[in-house]
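The values are calculated or read from the model by the stated rules, or taken from the named source; none is laboratory data. Keep in mind it's a predicted model, so treat the numbers as computed, not measured. With ideal geometry, Cβ positions are generated from the backbone for all residues, glycine too; neighbour counts draw on all protein chains shown.
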Amino acid sequence: MLTVATASWGTTTSLSEMVLRHVRPADLLVVELLTAASVLTVLSVLRPGPRRLVPARPYLLLGLVEPGLLFLLFDVGLRRTSAVSAGLLVSTQALFGVLAAALVLRERITPAIVVALAGGVAGAALITAHGGTHGETVLGDVLVLAGSAVGGIYVVIARRLPPDTDTLAGTAWQFVGALPVALVVATVTWLTQGSDLGSAPVAALAAAVAVGILGGVVPYLLLNRALPYIPASSAALVLNLTPLFAVASAAGLLHEGPTLAVAAGGVLLIGGLAVLARSERAAVPAGPAGPQLGELTATAAACP
């Protein structure tokens, strides 16, 4: 299930770029968030069995950060860069999360974290400065990195959530909480620049809906089902494969391939993530309980 969730997130990056060739980032943001919020809410309401009480307010507020602000920065950045670069750079969420935990929560910085951060910084610098051939710009890469930083900060904030709440209902509330971000951005964009939804081909609109499902519904539901039964460290090792699926989907769907510099940057990024995941696996004993859904999804490069 985790492999499917990872492939879903990786593929979403390429699908998003395909959609952004026909519509504005604000258009995609509205469609993907509205789709995910609607499907998750319906599933939460119709799900059989007992339900635990979920405090809506913290999830609604968190939704403004992730997925609201994170998806916005990713969509705007992806419009100005390639799926390959974005798919690799968004994996830095895990590194930003570790750094935020060290700065805010005063968690200890181990040698493995230093190696992972060094690899992440070097890899991100290579990818951003490479001057590729698929429309990449420094601004686009920086916006994607800003989205990853938001995701990393979210990891720290999400740790304050109660550990025994209904994660499916909480995730549904989070996507509902992100809708005001889409509403504000869409209102400003549509009043000043207009919308391309009315002129977009049906295939692009269908792909936008697919982005909401593959980037929001499918991976969250699969994680919700899998995490209680596997160690967090094992899950992290699988989920860190997301950039590889992003590169593979970009090659298959968009015929984009990484330049030598981007490939080298990707190796440094993924290598740093692997060092980090293996160090956590060695430090945390295996057990049946996984982390909060919000924590791991943020760490796992939750792409829109």
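Residues checked against (1) out of contact with any Leu (no Cβ under 9 Å at 6 or more places or on another chain); (2) at pLDDT below 70; (3) outside any loop (DSSP other than H, G, I, E, B); (4) buried (at least 17 other Cβ atoms within 10 Å of the Cβ):
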{"site": "Gly252", "(1), (2), (3), (4)": "yes, no, yes, no"}
{"site": "His255", "(1), (2), (3), (4)": "yes, no, no, no"}
{"site": "Ala261", "(1), (2), (3), (4)": "no, no, yes, no"}
{"site": "Gly265", "(1), (2), (3), (4)": "no, no, yes, yes"}
{"site": "Ile270", "(1), (2), (3), (4)": "no, no, yes, yes"}
{"site": "Leu273", "(1), (2), (3), (4)": "no, no, yes, yes"}
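The rows are residues; the columns are (1) assigned to a loop (DSSP other than H, G, I, E, B); (2) farther than 18 Å from Ala274 by Cα; (3) aliphatic (A, V, I, L, M).
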| residue | (1), (2), (3) |
| --- | --- |
| Pro50 | yes, yes, no |
| Leu72 | no, yes, yes |
| Leu89 | no, no, yes |
| Ala101 | no, yes, yes |
| Ala112 | no, no, yes |
| Leu117 | no, no, yes |
So which of Val4, Val54 ends up being modelled with pLDDT under 85, in contact with a Phe, Trp or Tyr (Cβ under 9 Å, 6 or more places away or on another chain) and not aromatic (Phe, Trp, Tyr)?
Val54
Among the residues of the stretch 4-48, write down those that are buried (at least 21 other Cβ atoms within 10 Å of the Cβ) and not in a helix (DSSP H, G or I).
Val23, Arg24
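Residue by residue through the stretch 14-23, note down the ones that are out of contact with any Lys or Arg (no Cβ under 8 Å at 6 or more places or on another chain) and either within 14 Å of Val76 (Cβ to Cβ) or without any contact (Cβ under 8 Å) to a residue 40 or more places away in the chain (or both). Can you show your working first?
Taking the stretch 14-23 as the starting set, the residues that turn out to be out of contact with any Lys or Arg (no Cβ under 8 Å at 6 or more places or on another chain) are 14-19, 21-23.
Scanning the stretch 14-23 gives Ser16, Glu17, Val19, Val23.
Each row is one residue, and each column tells you yes or no for (1) free of Cβ contacts under 8 Å to residues at least 40 places away in the same chain; (2) under 29 Å from Arg21 (Cα atoms); (3) out of contact with any Ser or Thr (no Cβ under 9 Å at 6 or more places or on another chain).
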| residue | (1), (2), (3) |
| --- | --- |
| Gly68 | no, yes, yes |
| Phe71 | no, yes, yes |
| Val84 | no, yes, no |
| Leu89 | no, yes, no |
| Leu95 | no, no, no |
| Val104 | no, no, yes |
| Ala116 | no, no, no |
